[in-house]
Amino acid sequence: MATAMPTVIGELGGHAWYALPFAVYMLSMTVTSPLWGRASDRLGRRRLYLFGVFLFLAGSALSGAAGSMLTLIAGRAVQGLGAGALGTLTFAIVGELYPLKERSRIQGMLSGVWGLSGLIGPLVGGLLVDHASWRWVFYLNMPFGLIGAAFVGRFLEESPIPEKAAPIDLAGAVLFTAGSGALVWGLETRNWPFLVASVAVLAWALRIESRHPAPLLPLRLLQARLPRVAVIGNFLAGAAFFGTVSYLPLYAQGVARTGATAAGLLLTPMVLGWTLASMSLGAILPRLGVPRLARLGAGLLVAAFAGFVAFTGAPLALIGACGFVAGTGMGAIILSLLVGAQECTPRQELGALTAVLMFARSLGGGLGVTLMGALIGDTEGVAPTDLARGLRFAFVLGLAFVALGLAFVAQLRAADLKRAAEAA
């Protein structure tokens with residue numbers, strides 16, 4: 001999509017709306033993830049997964065057929081709703097199907113697929129734009145989505161549905177969705193009054209949720225140390241990592257004075273590190289243990305961001321090496337915290353807990369992008385030395401995030417996993 005967007009704007013117009021197809025997609029995906037997760041605990045994961053595929057493909061078809069930017073934005077919103085279901089329920093289904101030893105390997109494979117997609121996707125998008133049409137960026141989803149839905153519909157058994165489950169807290173869910181939507185949008189647009197209002201609405205929602213037997217967010221699960229640390233770790237790591245991903249191309253073009261191709265390539269080591277770590281560490285997680293792997297990942301993130309700070313202004317090769325270490329650390333900490341938190345969560349709460357982890361990571365990413373952007377400041381016409389100084393401040397903020405994450409992860413012990421798993 002990012003590769004195709006300049007061509008899309010050239011055909012449909014609406015330069016002022018350039019960022020909206022991305023922002024609306026991320027907003028609808030992030031905000032609805034907790035809803036999909038909790039609903040799957042109550043209604044079953046298979047049917048909601050298939051409905052999520054339908055929404056994603058419907059949004060893809062609408063986006064591909066768009067004759068105006070408004071239609072494209074609407075299609076992306078529908079696509080984001082489906083993506084919120086697929087992203088959450090994929091990991092919840094794996095958490096339900098497999099024991100710890102197998103789950104870590106499967107989750108690692110899924111993260112590896114995500115990483116490979118991040119490497120191949122921009123290339124495929126460019127080829128489609130150059131040799132076919134930008135509309136095939138969306139239409140290409142159709143055969144893959146239909147094949148995936150056919151396999152899930154044929155082979156996945158429906159998850160058990162509680163016979164006498166308490167109804168979902170609708171008031172808390174509506175308030176949380178509205179507040180989190182306002183928060184994500186406020187972070188995207190850097191609208192500070194919007195952010196203040198969203199925090200007030202979220203506080204109201206959490207107060208209602210804390211008193212309901214079946215809240216949208218499983219707050220009682222966070223009383224155990226491992227799930228609580230997993231949420232905090234995802235939030236802090238997401239803030240540092242995704243904030244940095246957003247501004248490394250700016251470093252390449254504005255400080256190192258490279259072209260757009262080199263700027264894009266600077267992100268490759270980060271994605272590659274995450275991919276390789278996820279695929280390789282999933283097999284050894286049961287032997288190494290969740291706490292050790294989480295501490296290793298957090299430690300690598302601290303080392304990487306210390307390198308970003310120290311090497312600001314250095315050749316791109318050093319920045320790329322730090323990016324590889326950061327990606328490796330991210331793969332290790334996200335995999336270990338996800339698998340560990342799922343292990344100590346009751347089966348009927350897996351969807352809600354998985355959604356909370358993904359929501360925390362996305363929300364952290366939005367906060368990181370906003371705060372780092374504020375530290376960097378206006379980039380138009382700025383001298384490379386001044387831009388480098390602003391980027392160093394952003395990297396220092398990222399270092400503070402991951403150092404705080406390491407402090408939380410360092411509290412984990414093997415007994416936490418065993419005790420919480422027995423309780424679940």
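A few points about this structure:
- From the C-alpha gyration tensor of segment 21-162, square roots of 5λ in Å: 28, 18, 13
- Among the GluC sites (Glu not before Pro) found in segment 129-230, those both in a DSSP coil and sparsely packed, with 15 or fewer other Cβ atoms within 10 Å of their Cβ, are Glu157, Glu158, Glu163.
- Cα gyration tensor shape of segment 83-222, rounded if a/c is under 1.5, else prolate or oblate by comparing a/b with b/c: oblate
- Helices meeting the span-like rule in the chain (full DSSP H runs, Cα extent of at least 20 Å along the helix axis, mean Kyte-Doolittle score of 1.0 or higher): 69-97, 141-155, 170-189, 192-209, 225-250, 268-288, 290-310, 316-343, 350-376, 384-409.
- Rg/Rg_ref, segment 38-105, where Rg_ref = 2.2 N^0.38 Å and atoms are Cα: 1.36
- FRET efficiency for Phe151 and Leu127, using Cβ-Cβ distance with R0 set to 25 Å, rounded to 0.05: 0.40
- Coarse-grained scattering of segment 208-260 at q = 0.17, 0.29 Å⁻¹, given as base-10 log I(q)/I(0) from a Debye sum over alpha-carbon atoms: -0.66, -1.00
- Sparsely packed GluC sites (Glu not before Pro) within segment 315-418, loop by DSSP, other Cβ within 10 Å at most 12: Glu380
- Here semi-axes √(5λ) of the Cα gyration tensor in Å was computed from the coordinates, and among (1) 32, 27, 22; (2) 51, 23, 21; (3) 36, 24, 21 the match is (1).
- As a fraction of the 1.4 Å probe accessible area of the chain, surface on carbon and sulfur atoms comes out at 69 percent.
- Note that the chain presents 43 Å² accessible area per residue, ligands and nucleic acids not counted, probe 1.4 Å.
The values are calculated or read from the model by the stated rules, or taken from the named source; none is laboratory data. Because the structure is a prediction, the values reported are computed rather than measured. All Cβ positions, glycine included, derive from the backbone under ideal geometry; neighbour counts span all protein chains shown. Note: accessible area is taken over every heavy atom of the protein model, side chains too, but ligands, DNA and RNA are not part of it. Shrake-Rupley method; radii C 1.70, N 1.55, O 1.52, S 1.80 Å.
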